[in-house]
Amino acid sequence: MTTLVIDNVVAGYTRADMILKGVSMTADAGEIVAVLGPNGAGKSTMLKAVTGQIAVREGHVTLAGRELTGMKPREVVANGVAYVPQESNVFATMSVRENLEIGGTVDRANVRPRIDGLFARFPVLAEKRHDAARTLSGGQRQLLAMAIGMMVEPQVMLLDEPSAGLSPKAAHEMFAVIREIAASGVAIVLVEQNAFDALQIADRAYILAAGLNHAEGTGAALSADPDIRRTFLGMH
Ligand SMILES: Nc1ncnc2c1ncn2[C@@H]1O[C@H](COP(=O)(O)OP(=O)(O)O)[C@@H](O)[C@H]1O
Ligand SMILES: [Mg+2]
(Lines give C-alpha, C1' and ligand atoms only; values in the text may rest on other atoms or scores of the structure.)
(Ligands and ions follow the chains in the order given, each with its own letter.)
Protein backbone atom coordinates (compact mmCIF):
# COMPACT_ATOMS: atom_id res chain seq x y z
CA MET A 1 0.00 0.00 0.00
CA THR A 2 1.60 3.23 -1.13
CA THR A 3 -0.36 6.12 0.37
CA LEU A 4 1.79 9.12 1.02
CA VAL A 5 0.31 11.11 3.90
CA ILE A 6 1.31 14.69 4.61
CA ASP A 7 -0.32 15.56 7.90
CA ASN A 8 -0.45 19.14 9.19
CA VAL A 9 3.11 19.93 8.18
CA VAL A 10 4.65 23.14 9.50
CA ALA A 11 8.01 24.01 7.92
CA GLY A 12 10.10 26.91 6.67
CA TYR A 13 13.60 28.09 5.92
CA THR A 14 14.18 29.88 9.23
CA ARG A 15 12.74 29.22 12.68
CA ALA A 16 11.18 32.67 12.70
CA ASP A 17 9.19 32.24 9.50
CA MET A 18 7.16 29.10 8.91
CA ILE A 19 6.16 29.11 5.25
CA LEU A 20 3.96 26.01 5.59
CA LYS A 21 1.45 26.61 8.36
CA GLY A 22 -0.13 23.17 8.55
CA VAL A 23 -0.44 21.57 5.11
CA SER A 24 -2.12 18.19 4.63
CA MET A 25 -2.57 15.95 1.62
CA THR A 26 -2.52 12.32 0.53
CA ALA A 27 -1.58 10.41 -2.62
CA ASP A 28 -2.34 6.75 -3.33
CA ALA A 29 -0.64 4.26 -5.62
CA GLY A 30 -1.49 5.00 -9.24
CA GLU A 31 -3.01 8.35 -8.42
CA ILE A 32 -2.07 11.70 -9.95
CA VAL A 33 -2.54 14.45 -7.36
CA ALA A 34 -2.07 18.00 -8.63
CA VAL A 35 -0.90 20.77 -6.30
CA LEU A 36 -1.88 24.21 -7.55
CA GLY A 37 -1.81 27.71 -6.11
CA PRO A 38 -0.30 31.13 -6.64
CA ASN A 39 3.41 31.89 -6.78
CA GLY A 40 4.89 31.80 -3.30
CA ALA A 41 2.05 29.66 -1.88
CA GLY A 42 4.56 27.10 -0.61
CA LYS A 43 4.21 24.35 -3.23
CA SER A 44 7.95 23.85 -3.78
CA THR A 45 8.56 24.28 -0.05
CA MET A 46 6.12 21.43 0.63
CA LEU A 47 8.10 19.12 -1.69
CA LYS A 48 11.31 20.12 0.12
CA ALA A 49 9.71 19.31 3.48
CA VAL A 50 8.53 15.90 2.25
CA THR A 51 12.01 15.07 0.94
CA GLY A 52 13.85 16.18 4.08
CA GLN A 53 15.60 19.14 2.46
CA ILE A 54 14.09 21.41 5.09
CA ALA A 55 13.07 20.36 8.59
CA VAL A 56 9.46 19.55 9.43
CA ARG A 57 8.78 21.49 12.65
CA GLU A 58 5.32 20.08 13.32
CA GLY A 59 3.24 17.38 11.74
CA HIS A 60 4.22 14.19 9.94
CA VAL A 61 5.03 12.70 6.58
CA THR A 62 4.44 8.96 6.24
CA LEU A 63 4.56 6.46 3.38
CA ALA A 64 2.55 3.28 3.86
CA GLY A 65 2.58 4.06 7.58
CA ARG A 66 6.37 4.45 7.76
CA GLU A 67 7.54 7.74 9.23
CA LEU A 68 9.60 9.77 6.74
CA THR A 69 9.63 12.84 9.01
CA GLY A 70 13.17 13.70 10.06
CA MET A 71 14.90 11.51 7.46
CA LYS A 72 17.75 12.85 5.34
CA PRO A 73 16.94 13.39 1.64
CA ARG A 74 18.92 10.30 0.63
CA GLU A 75 16.98 8.13 3.09
CA VAL A 76 13.68 9.51 1.84
CA VAL A 77 14.68 8.53 -1.71
CA ALA A 78 15.83 5.10 -0.51
CA ASN A 79 12.37 4.69 1.06
CA GLY A 80 10.67 5.05 -2.29
CA VAL A 81 10.19 8.76 -2.91
CA ALA A 82 11.68 10.23 -6.10
CA TYR A 83 11.90 14.01 -6.39
CA VAL A 84 12.32 15.89 -9.65
CA PRO A 85 13.15 19.54 -8.91
CA GLN A 86 12.08 22.32 -11.22
CA GLU A 87 15.60 23.40 -12.12
CA SER A 88 19.01 21.77 -12.44
CA ASN A 89 17.39 18.35 -12.56
CA VAL A 90 19.97 16.78 -14.88
CA PHE A 91 23.79 16.93 -15.02
CA ALA A 92 24.23 18.99 -18.17
CA THR A 93 27.72 17.92 -19.17
CA MET A 94 27.20 14.22 -18.49
CA SER A 95 25.69 11.83 -20.99
CA VAL A 96 22.14 10.53 -20.76
CA ARG A 97 23.50 7.17 -19.63
CA GLU A 98 25.76 8.71 -16.96
CA ASN A 99 22.81 10.70 -15.63
CA LEU A 100 20.84 7.47 -15.22
CA GLU A 101 23.82 5.76 -13.54
CA ILE A 102 23.86 8.56 -10.95
CA GLY A 103 20.14 8.00 -10.36
CA GLY A 104 21.01 4.37 -9.65
CA THR A 105 23.61 5.03 -6.96
CA VAL A 106 20.96 5.24 -4.23
CA ASP A 107 20.33 1.55 -4.82
CA ARG A 108 23.27 -0.02 -6.59
CA ALA A 109 21.62 -3.36 -7.31
CA ASN A 110 20.60 -3.93 -10.90
CA VAL A 111 21.65 -0.57 -12.28
CA ARG A 112 22.19 -1.96 -15.79
CA PRO A 113 18.87 -3.77 -16.16
CA ARG A 114 17.08 -0.72 -14.78
CA ILE A 115 18.75 1.52 -17.34
CA ASP A 116 17.95 -0.98 -20.09
CA GLY A 117 14.34 -1.05 -18.90
CA LEU A 118 14.13 2.74 -19.05
CA PHE A 119 15.72 2.79 -22.52
CA ALA A 120 13.09 0.30 -23.68
CA ARG A 121 10.37 2.44 -22.17
CA PHE A 122 11.69 5.77 -23.45
CA PRO A 123 13.38 5.04 -26.81
CA VAL A 124 14.36 8.68 -27.36
CA LEU A 125 16.68 8.41 -24.34
CA ALA A 126 18.19 5.21 -25.74
CA GLU A 127 18.90 6.96 -29.04
CA LYS A 128 20.70 9.76 -27.21
CA ARG A 129 22.36 7.63 -24.56
CA HIS A 130 25.88 8.89 -25.37
CA ASP A 131 24.92 12.54 -25.87
CA ALA A 132 25.47 15.17 -23.16
CA ALA A 133 22.24 16.07 -21.38
CA ARG A 134 22.66 19.73 -22.33
CA THR A 135 22.17 18.82 -26.02
CA LEU A 136 18.66 17.45 -25.35
CA SER A 137 15.50 19.43 -26.09
CA GLY A 138 13.58 20.80 -23.10
CA GLY A 139 11.07 17.97 -23.29
CA GLN A 140 13.78 15.32 -23.57
CA ARG A 141 15.64 16.82 -20.62
CA GLN A 142 12.48 16.69 -18.49
CA LEU A 143 11.97 13.09 -19.58
CA LEU A 144 15.56 12.31 -18.52
CA ALA A 145 14.96 14.00 -15.16
CA MET A 146 11.91 11.78 -14.59
CA ALA A 147 13.85 8.70 -15.76
CA ILE A 148 16.61 9.49 -13.21
CA GLY A 149 13.86 9.44 -10.57
CA MET A 150 12.52 6.13 -11.93
CA MET A 151 15.96 4.55 -11.37
CA VAL A 152 15.06 4.02 -7.70
CA GLU A 153 11.79 2.29 -8.69
CA PRO A 154 9.88 4.75 -6.52
CA GLN A 155 6.45 4.33 -4.97
CA VAL A 156 5.96 8.08 -5.09
CA MET A 157 7.21 10.64 -7.59
CA LEU A 158 7.21 14.34 -6.68
CA LEU A 159 7.34 16.61 -9.74
CA ASP A 160 7.93 20.36 -9.41
CA GLU A 161 6.48 22.21 -12.41
CA PRO A 162 7.60 19.68 -15.02
CA SER A 163 5.93 21.60 -17.87
CA ALA A 164 7.76 24.87 -17.11
CA GLY A 165 9.51 26.19 -20.19
CA LEU A 166 8.17 23.49 -22.51
CA SER A 167 6.26 24.10 -25.72
CA PRO A 168 2.58 23.06 -25.57
CA LYS A 169 3.39 19.98 -27.66
CA ALA A 170 6.33 18.96 -25.46
CA ALA A 171 4.21 19.59 -22.35
CA HIS A 172 1.47 17.30 -23.64
CA GLU A 173 3.96 14.54 -24.41
CA MET A 174 5.41 14.95 -20.93
CA PHE A 175 1.94 14.77 -19.32
CA ALA A 176 1.31 11.55 -21.27
CA VAL A 177 4.50 10.09 -19.76
CA ILE A 178 3.32 11.12 -16.27
CA ARG A 179 0.03 9.31 -16.91
CA GLU A 180 1.91 6.21 -17.97
CA ILE A 181 4.13 6.29 -14.87
CA ALA A 182 1.02 6.60 -12.67
CA ALA A 183 -0.63 3.72 -14.55
CA SER A 184 2.33 1.54 -13.55
CA GLY A 185 1.31 2.09 -9.90
CA VAL A 186 3.40 5.07 -8.85
CA ALA A 187 1.71 7.84 -6.83
CA ILE A 188 2.36 11.18 -8.53
CA VAL A 189 2.37 14.55 -6.76
CA LEU A 190 2.33 17.09 -9.56
CA VAL A 191 3.05 20.73 -8.69
CA GLU A 192 2.01 22.83 -11.68
CA GLN A 193 1.49 26.42 -12.75
CA ASN A 194 -0.33 25.07 -15.79
CA ALA A 195 -3.58 24.55 -13.89
CA PHE A 196 -5.70 23.71 -16.91
CA ASP A 197 -3.53 20.79 -18.09
CA ALA A 198 -2.84 19.61 -14.55
CA LEU A 199 -6.57 19.35 -13.79
CA GLN A 200 -7.07 17.42 -17.03
CA ILE A 201 -4.73 14.64 -16.00
CA ALA A 202 -5.11 14.73 -12.20
CA ASP A 203 -7.40 12.39 -10.29
CA ARG A 204 -7.57 14.96 -7.50
CA ALA A 205 -6.10 18.37 -6.83
CA TYR A 206 -5.23 20.55 -3.88
CA ILE A 207 -4.97 24.31 -3.95
CA LEU A 208 -2.45 25.85 -1.56
CA ALA A 209 -2.54 29.51 -0.62
CA ALA A 210 -0.26 31.27 1.86
CA GLY A 211 1.05 28.00 3.28
CA LEU A 212 -2.37 26.48 3.97
CA ASN A 213 -4.77 24.13 2.21
CA HIS A 214 -7.30 26.32 0.49
CA ALA A 215 -9.40 23.80 -1.45
CA GLU A 216 -9.35 20.23 -2.68
CA GLY A 217 -11.41 18.06 -4.93
CA THR A 218 -11.59 16.36 -8.30
CA GLY A 219 -10.39 18.31 -11.30
CA ALA A 220 -13.98 18.58 -12.50
CA ALA A 221 -15.26 19.93 -9.18
CA LEU A 222 -12.50 22.53 -8.82
CA SER A 223 -12.80 23.64 -12.45
CA ALA A 224 -16.52 24.13 -11.96
CA ASP A 225 -16.16 26.46 -8.97
CA PRO A 226 -16.35 30.07 -10.23
CA ASP A 227 -14.29 31.57 -7.38
CA ILE A 228 -11.56 29.00 -7.77
CA ARG A 229 -11.52 29.38 -11.54
CA ARG A 230 -11.12 33.12 -11.28
CA THR A 231 -8.77 33.38 -8.31
CA PHE A 232 -6.54 30.34 -8.66
CA LEU A 233 -6.83 28.79 -12.07
CA GLY A 234 -6.61 31.82 -14.32
CA MET A 235 -9.76 30.65 -16.08
CA HIS A 236 -12.91 32.60 -16.82
N1 LIG B 1 15.49 29.03 -0.09
C2 LIG B 1 14.59 29.87 0.47
N3 LIG B 1 14.91 30.61 1.54
C4 LIG B 1 14.01 31.45 2.12
N5 LIG B 1 12.75 31.61 1.69
C6 LIG B 1 12.38 30.89 0.62
C7 LIG B 1 13.27 29.98 -0.05
N8 LIG B 1 12.61 29.41 -1.07
C9 LIG B 1 11.36 29.92 -1.06
N10 LIG B 1 11.21 30.81 -0.04
C11 LIG B 1 9.99 31.55 0.30
O12 LIG B 1 8.98 30.62 0.64
C13 LIG B 1 7.72 31.06 0.15
C14 LIG B 1 7.09 29.94 -0.66
O15 LIG B 1 7.92 29.70 -1.79
P16 LIG B 1 7.72 28.44 -2.72
O17 LIG B 1 7.50 27.23 -1.91
O18 LIG B 1 8.87 28.43 -3.67
O19 LIG B 1 6.37 28.83 -3.49
P20 LIG B 1 5.69 28.17 -4.77
O21 LIG B 1 6.50 26.98 -5.17
O22 LIG B 1 4.30 27.85 -4.36
O23 LIG B 1 5.70 29.26 -5.81
C24 LIG B 1 7.96 32.34 -0.62
O25 LIG B 1 7.65 33.41 0.22
C26 LIG B 1 9.44 32.28 -0.91
O27 LIG B 1 9.98 33.59 -0.99
MG1 LIG C 1 7.58 26.55 -6.84
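The values are calculated or read from the model by the stated rules, or taken from the named source; none is laboratory data. The structure displayed is predicted, hence computed values, not measured ones. Neighbour counts run over all protein chains shown; Cβ positions are idealised from the backbone, glycine included. Surface areas here come from the heavy atoms of the whole protein model, side chains and all, with no ligands, DNA or RNA. Shrake-Rupley method; radii C 1.70, N 1.55, O 1.52, S 1.80 Å.
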Query raised in the report: Quick one: which of 42-52, 9-19, 170-180 comes out on top by average Cβ neighbours within 10 Å, and what's the full order, highest first?
Result: 42-52, 170-180, 9-19
Report summary line: Restricting to aspartates and glutamates and to Cα separations under 15 Å from K21, and discarding same-chain partners fewer than 8 apart, the set is D7, E58
Requested in this report: Counting only DSSP beta bridges with both residues in the chain, tell me the antiparallel percent, nearest 5.
Outcome: 55 percent
Query - Folded to 0 to 90 degrees: helix 138-150 orientation relative to the chain principal axis, Cα - result: 90 degrees
Query raised in the report: For the chain, what is the accessible area per residue in Å², given a 1.4 Å probe and the full set of protein chains?
Result: 46 Å²
Report summary line: Counting only protein heavy atoms with a 1.4 Å probe and every protein chain in place, the carbon and sulfur fraction of the accessible surface of segment 3-95 in whole percent equals 49 percent
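Ranked highest first by average number of other Cβ atoms within 10 Å, how do 200-210, 153-163, 86-96 line up?
Order by mean packing, descending: 153-163, 200-210, 86-96.
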**Report entry** Globularity ratio of the chain, using Cα Rg and 2.2 N^0.38 Å
**Finding:** 0.98
**Report entry** Surface share of carbon and sulfur [accessible, 1.4 angstrom probe, percent] for segment 141-220
**Finding:** 54 percent
